[in-house]
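Since the structure comes first, as structure tokens, the remarks are kept for the end.
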Amino acid sequence: EKVKIDQILGHGGFFKTPEVGQKMMAAAMNVPVSVMDTAGEGGAWGIALLASYMLHKTANEPLEAYLSHKVFATQKSTTLAPEARDVDGFAVFMGRYKSGLIIERTAVEALK
């Protein structure tokens with residue numbers, strides 16, 4: 001679809017430990033990754049936000065506006081840009097991973 005991603009906002013357990021998942025995701029996506037203090041709260045927190053939106057939104061208020069102005073406006077966030085060395089390392093990893101997929105296919109065929 002040729003969608004250009006300028007930045008990712010990380011959310012969920014992968015981002016619970018500061019900077020670790022954020023650095024890995026920035027390398028994999030080759031874009032800056034931001035996380036908020038609540039990033040590690042995961043899916044249940046996201047569902048609670050949706051419930052809050054349904055209960056407290058004003059008439060015709062879109063979800064994006066509700067989140068930006070009423071939920072995340074005061075949240076602190078940190079942003080990490082991808083490092084060239086990490087981006088290159090991820091590309092090497094992905095190349096090796098793809099090359100190894102034939103091993104998985106062969107194993108599946110052998111077990112049929």
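No lab work stands behind these numbers, since they all come straight from the coordinates. Computed from a prediction, not measured in an experiment: that's the story for all the values here. Note that we place each Cβ from the backbone using ideal geometry, even for glycine, and neighbour counts take in every protein chain shown.
Candidate cross-link partners of LYS112 among the lysines, defined by an alpha-carbon separation under 30 Å and a same-chain spacing of 8 or more, comprise LYS98. Computed from Cα positions, the angle between helix 84-111 and the longest principal axis of the chain comes to roughly 60 degrees. Remark: LEU101, LEU111, LEU63 ranked as LEU111, LEU101, LEU63, counting other beta-carbon atoms within 10 Å and listing the fewest first. Residues considered: LYS98, LYS57, LYS16. Largest GNM mean-square fluctuation over the chain, using C-alpha springs under 10 Å, is found at LYS98. Computed over all pairs of different Cα atoms, the Kirkwood value for the hydrodynamic radius of the chain is 16.8 Å. Applying a DSSP loop filter and a limit of 16 other Cβ atoms within 10 Å to the GluC sites (Glu not before Pro) in region 33-112 leaves GLU83. Here the relative contact order of the chain, from alpha carbon pairs under 8 Å that lie six or more residues apart, stands at 31 percent.
For region 1-59 versus region 78-112, the inter-centroid distance based on Cα atoms is 23 Å. Between VAL31 and SER52, the FRET efficiency from the beta-carbon distance, with R0 = 30 Å, is close to 0.55. May I ask for the angle, rounded to the nearest 10°, between helix 42-56 and the longest principal axis of the chain, with both axes built from Cα atoms and the value confined to 0 to 90°? Orientation of helix 42-56: about 30 degrees from the principal axis.
Around the Cα centre of the chain, unit charges on the Cβ atoms of Lys, Arg, Asp and Glu (plus for the first two, minus for the last two) sum to a dipole of about 180 debye.
When the chain is treated as a GNM with alpha-carbon contacts under 10 Å, the residue of GLY21, GLY12, GLY46 showing the greatest mean-square fluctuation is GLY46. Among THR79, THR38, THR17, the largest mean-square fluctuation in a Gaussian network model of the chain (Cα springs under 10 Å) belongs to THR17.
Between VAL71 and GLU83, the modelled labels are 3.2 nm apart [label points 7 Å from Cα along Cα→Cβ].
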